[in-house]
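The values are calculated or read from the model by the stated rules, or taken from the named source; none is laboratory data. Predicted, not measured: the structure shown is a model, and the values here were computed from it. Backbone-built Cβ (ideal geometry, glycine too); neighbour counts: all protein chains shown. Each accessible area value is taken on the protein alone, full model and side chains, heavy atoms only, with ligands, DNA and RNA left out. Shrake-Rupley method; radii C 1.70, N 1.55, O 1.52, S 1.80 Å.
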Amino acid sequence: MVKYCQSCNVQKAFMVRPKTGNLICQNCFFQAFEDEIHHTIISTQMFKPGEKIAIAASGGKDSTVLVHVITLLNKKYNYGLHLYLLSIDEGIKGYRDDSLETVKQNQITYELDLKILSYKELFNWSMDEVVAQIGLNNNCTYCGVFRRQALDRGAIQLGVDKIITGHNADDMAETFLMNLLRGDIFRLPKSTAIITGDDGDNGIATLPRCKPFKYTYEKEIVMYAHYKKLIYFSTECTYSPNAFRGHVRELIKNLEAIRPSAVIDLIHSCEQLDAPNQNQKMPQKQLCQKCNLLSSNKICKACTLLESLNQGRAKQILQIQE
């Protein structure tokens, strides 16, 4: 028996949409996917006409679809944005060097300027060298901290107004659950914030980071990339199997098997959380005394970790933090 799309009732259905559970044809899926991201952007007033936007591009499925959709919507709805690609080379042989080739192909396809910054250039350490010193456990701590700072530095060099990343609904749910399990009450309410950054009320402003895919399921990003025949890099990071996030991701997928709405439920739960009580002592935002970027301490996490590497004390630092 032929089943028809529940959106247009004309075309034959080609899939059951993960987000809604409805039968949908290919054209309606593409349209719904793009329209929902457009709605997210407009409803949150994410951009202003004329802004310069750096797209964090890794060459993976999320960032590749982000480049495609943002470029498409910018033209279709006349956002008036000036788009740039910003890529970070962590220095992982056989992984990042290969994925950056995909970014370069996308640069040509979408005719966007591309800036690549490397850990080696910024910190004088590649991730391969970091792992050689500290081992395979906790290496994601270093990479995550260095990557955030590298993106900030790259955005400053490009002179952009905002950074957009390909963090999707699954990523947001994972971050919320990770912070919950760690008991990190300060980060918990902002785990699923669609725009992060400081407005400068304390005299220190930081570049906003925006997440247009906040409500977009990872499964649908994969399907969109596949059926649009987009070129992306799909190999998993060499050092990620031991990451805490990977275990949380597996937990959420097990929850989804029982309750399909688990991902969006976690996001909505986080949105209902209040900010920490005013009587609670919050970290004081200030500029790092070494790199002059935003920090909650006199010396930021990136500079602290970098110093531990340079002094050969990386393993001891991680053991203290644990």
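Would you be able to say whether some residue in region 187-194 is at pLDDT 95 or above, within 13 Å of the chain's Cα centre (by Cα), aliphatic (A, V, I, L, M) and open to solvent by 10 Å² or more (accessible area, probe 1.4 Å)?
Of all residues in region 187-194, those at pLDDT 95 or above come to 194.
Retained after the next criterion (residues that are within 13 Å of the chain's Cα centre (by Cα)): 194.
Remaining after also requiring aliphatic (A, V, I, L, M): 194.
Among the residues that remain, those that are also open to solvent by 10 Å² or more (accessible area, probe 1.4 Å) are: 194.
Yes, there is a match, as at least one residue in region 187-194 is at pLDDT 95 or above, within 13 Å of the chain's Cα centre (by Cα), aliphatic (A, V, I, L, M) and open to solvent by 10 Å² or more (accessible area, probe 1.4 Å).
Is it true that GLU101 is in contact with a Cys (Cβ under 7 Å, 6 or more places away or on another chain) and under 29 Å from THR235 (Cα atoms)? I'd like the intermediate steps shown before the answer.
On the way: in contact with a Cys (Cβ under 7 Å, 6 or more places away or on another chain): no; under 29 Å from THR235 (Cα atoms): yes.
Here the answer is no, as GLU101 does not meet what is asked.
Output the residue which, of all residues in region 23-66 that are open to solvent by less than 20 Å² (accessible area, probe 1.4 Å), in a loop (DSSP other than H, G, I, E, B) and modelled with pLDDT of 95 or more, is nearest to LEU117 (Cα to Cα).
It comes out as ALA57.
How many residues, within region 99-123, are in contact (Cβ under 8 Å) with a residue 40 or more places away in the chain and over 26 Å from ILE53 (Cβ atoms)?
0
Scanning region 18-28 for residues that are over 23 Å from the mean Cα position of the chain (by Cα) and touching a residue at least 60 places away in the same chain (Cβ under 8 Å), which turns out farthest from HIS68 (Cα to Cα)? Give the steps one after another, and end with the answer.
Keep residues of region 18-28 that are over 23 Å from the mean Cα position of the chain (by Cα), which gives 20-28.
Subsequent filtering for residues that are touching a residue at least 60 places away in the same chain (Cβ under 8 Å) retains 21, 26.
Working: GLY21: 25, GLN26: 17 Å.
Among them, the one singled out is GLY21.
With respect to LEU117, determine if the residue is out of contact with any His (no Cβ under 7 Å at 6 or more places or on another chain), open to solvent by less than 20 Å² (accessible area, probe 1.4 Å) and not in a helix (DSSP H, G or I).
Working: out of contact with any His (no Cβ under 7 Å at 6 or more places or on another chain): yes; open to solvent by less than 20 Å² (accessible area, probe 1.4 Å): yes; not in a helix (DSSP H, G or I): yes.
So LEU117 fits the description; yes.
Can you find a residue in region 137-144 that is closer than 30 Å to LYS229 by Cβ and either of a type in the set (S, T, N, Q) or crowded, with 22+ Cβ neighbours inside 10 Å (or both)? Break it down stepwise before answering.
Narrowing region 137-144 to residues closer than 30 Å to LYS229 by Cβ: none.
Checked against the condition, which is being closer than 30 Å to LYS229 by Cβ and either of a type in the set (S, T, N, Q) or crowded, with 22+ Cβ neighbours inside 10 Å (or both), region 137-144 yields no hits at all.
Take region 160-177 and flag every residue that is farther than 15 Å from ALA262 by Cβ and open to solvent by less than 40 Å² (accessible area, probe 1.4 Å). Steps first, answer last, please.
Residues of region 160-177 farther than 15 Å from ALA262 by Cβ: 160-167.
VAL160, LYS162, ILE163, ILE164, THR165, GLY166, listed by residue number.
What number of residues within region 238-271 satisfy the criterion of being more than 20 Å from ALA173 (Cβ to Cβ) and surrounded by 14 or more Cβ atoms within 10 Å (Cβ to Cβ)?
So the count comes out to 2.
Read through the list (1) under 18 Å from the mean Cα position of the chain (by Cα); (2) modelled with pLDDT of 95 or more, then give the number of the only condition that LEU100 fails.
(2)
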